[in-house]
Amino acid sequence: MKLNNKFSTLIKALILANTLLSCNSNSQNMQENNKEVEKFNSSELYPNNKVAFTKSGEKTVFYNAANEHLIYAEINHKTNQYKINNVDLFPAEDLLQINDFNYFLPKKYSTFYKYPIGQSGTSGGDFFTTIEFNELGLIKSIDKNLPSANHKYIYTYNKFAQLLRIFEDKLLNKTLLENKYDENGRLIFQEKNYEELIAKKELIYGKEGRILKENIKEEKIAPNGRIKSDLSYTLNYEYNKAGQIDKKQSKDSNFVEQFQYDSNGRIINFVKYSAEIDKDNPDKLINIFVKKTYHYANEKLAEEKVYEYQIVNASILVNKKWQPLNIDQQRKMAWEKLNDTNEMPTTEIERLYKYNEDSIIVSINHFNFANRVVDGKAKLEKDLSNAESIKFSFDNSGKIIKKETTDKNRGMTVEYYSY
């Protein structure tokens, strides 16, 4: 059946008008989602009608905007402790760290610095950092009194209490971090502009609301201003049956992140891999691994170990002759060696956590590894290169008021925190 020309033209006009209206609506939503607000409405909903955050009693809980609607951060207002599940959505650079998932932040704390005083040598003193919070417990501003100068940093948020910008409050208002969100309230772009790192990240989502891929460009900068590395790559995401991120991997396999979880959904293993060509030999691949393992007890992190590996195998011994391996073969062999219990890491950092009613005690041991020949036989030796103990002390309300760090020579540094 054919439509007459007038009716057909009308239908096309209506379709075009609806398309334009939809695009305009999406554009307006996107502008709203990237607009700074001063006050927060606890009944604010994401466009998918999910709650963005809840504040109840002593806790504020923040949910991401994806369909899974997972919790990405929690703030305990009684103890000023932060539980962070996603550092992209809730950056932790300015928080004080207990472990990879838990942080804290007082209103004021002091740090002792040694600093040069011209030709006469060095001096030292306490320098104070003061933080201002908004009603949800999010950072509003940070004043840092450092030996070099005073710095003030401003944080801004949208109506969903998602971070928009961190900028340095100077004449130029230098933006250090900026996030942008789509019409659904999902993070789609992040830019960092720090002295040691300049980076851009673009996130692409699928129909189900999960991230499909992440486009990354970053420059790492040395203290002297020299660019240490300049990288651009794309990570494709894979998920397990529970909807958790299982793997991120670049198309050329030069960048990989792998995740493993326990039955309670907690991460227990993490591997980050990057590959680079040896500057002195274009046929040799340097395989760099960082492997983390986590163990829990009584619902808390009890042990964390970080291993670093640098595996280089440009050839293999076959029938008593060395045969060269191509780049892909070198990468494959490196992964095989990583999963070999006999493979020796270059370093290991072990952190053990003990929780008391009035404190948290963290024991940290740094190890180096070496192969040595003893009585004509190769022997793996694990040497303790450094050790320290950290004690976080609580007040009666559970706030951390003091941090004491003791090194292997019994030297001690102490930081005090006030609220």
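Among the residues that make up region 322-340, is at least one of them over 30 Å from residue 107 (Cβ atoms), small (Gly, Ala, Ser) and in contact (Cβ under 8 Å) with a residue 40 or more places away in the chain?
yes
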(message) Please verify whether residue 220 is more than 23 Å from residue 182 (Cα to Cα), at pLDDT below 95 and among the charged types (D, E, K, R), treating the condition exactly as stated.
(response) yes
(message) Just the residues that are open to solvent by less than 60 Å² (accessible area, probe 1.4 Å) and more than 18 Å from residue 306 (Cα to Cα), please, taken from region 375-400.
(response) 392, 393, 394, 395, 397, 398, 399, 400
(request) Could you give me the residue pairs with C-beta distances under 8 Å whose first residue belongs to region 217-238 and is closer than 18 Å to residue 191 by Cα, whose second residue is outside any loop (DSSP other than H, G, I, E, B) and of a type in the set (Phe, Trp, Tyr) wherever it lies, and which are 6+ apart or on separate chains? (result) 233/255; 235/255
(request) Working only within region 339-374, note down all residues that are under 13 Å from residue 307 (Cβ atoms) and hydroxyl-bearing (Ser, Thr, Tyr). (result) 341, 346, 347
(request) Go through region 245-269 residue by residue and tally those that are open to solvent by less than 50 Å² (accessible area, probe 1.4 Å) and among the charged types (D, E, K, R). (result) 4
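Does at least one position in region 146-156 carry a residue that is among the aliphatic types (A, V, I, L, M) and outside any strand (DSSP E or B)?
Yes.
Okay, residues lined up against (1) closer than 25 Å to residue 181 by Cβ; (2) in a loop (DSSP other than H, G, I, E, B); (3) touching a Pro at 6+ places or on another chain (Cβ under 9 Å):
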site: 225; (1), (2), (3): no, yes, no
site: 235; (1), (2), (3): yes, no, no
site: 242; (1), (2), (3): no, yes, no
site: 264; (1), (2), (3): no, yes, no
site: 269; (1), (2), (3): no, no, no
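Taking only region 286-314 into account, find how many residues are of a type in the set (Gly, Ala, Ser) and at pLDDT 95 or above.
Residues that pass the stated criteria total 2.
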(message) Every residue in region 123-141 that is of a type in the set (A, V, I, L, M, F, W, C) and either closer than 16 Å to residue 415 by Cβ or open to solvent by 30 Å² or more (accessible area, probe 1.4 Å) (or both), please.
(response) 127, 128, 131, 133
(message) residue 31 - would you say it is open to solvent by 90 Å² or more (accessible area, probe 1.4 Å), modelled with pLDDT of 90 or more and polar (S, T, N, Q)?
(response) yes
(message) Here are the criteria: (1) without any contact (Cβ under 8 Å) to a residue 60 or more places away in the chain; (2) closer than 27 Å to residue 77 by Cα; (3) among the aliphatic types (A, V, I, L, M); (4) open to solvent by less than 30 Å² (accessible area, probe 1.4 Å). Tell me which single one residue 187 does not satisfy.
(response) (1)
(message) Could you check region 283-334 and list, in sequence order, the residues that are touching a His at 6+ places or on another chain (Cβ under 7 Å) and open to solvent by less than 40 Å² (accessible area, probe 1.4 Å)?
(response) 302
(message) Return the residues of region 119-145 that are outside any strand (DSSP E or B) and either of a type in the set (Lys, Arg) or without any contact (Cβ under 8 Å) to a residue 40 or more places away in the chain (or both); say none if nothing qualifies.
(response) 119, 120, 121
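Does residue 117 meet the test of being in contact with a Ser or Thr (Cβ under 7 Å, 6 or more places away or on another chain), surrounded by 15 or more Cβ atoms within 10 Å (Cβ to Cβ) and of a type outside the set (Lys, Arg)? Break it down stepwise before answering.
Values: in contact with a Ser or Thr (Cβ under 7 Å, 6 or more places away or on another chain): yes; surrounded by 15 or more Cβ atoms within 10 Å (Cβ to Cβ): no; of a type outside the set (Lys, Arg): yes.
Against the criterion (in contact with a Ser or Thr (Cβ under 7 Å, 6 or more places away or on another chain), surrounded by 15 or more Cβ atoms within 10 Å (Cβ to Cβ) and of a type outside the set (Lys, Arg)), residue 117 does not qualify.
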(message) Step by step: first the residues of region 86-136, then only those that are more than 25 Å from residue 148 (Cβ to Cβ) and of a type in the set (Asp, Glu), then the one that is farthest from the chain's Cα centre (by Cα). Which residue is that?
(response) 135
(request) Count, please, the residues in region 375-417 that happen to be charged (D, E, K, R) and farther than 22 Å from residue 112 by Cβ. (result) 6
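The values are calculated or read from the model by the stated rules, or taken from the named source; none is laboratory data. Quick caveat: nothing in here was measured; it's all calculated off a predicted structure. Ideal geometry is used to build each Cβ from the backbone, glycine not excepted, and the neighbour counts take in all protein chains shown. We work out accessible area using only protein heavy atoms, side chains counted, and drop any ligands, DNA or RNA first. Shrake-Rupley method; radii C 1.70, N 1.55, O 1.52, S 1.80 Å.
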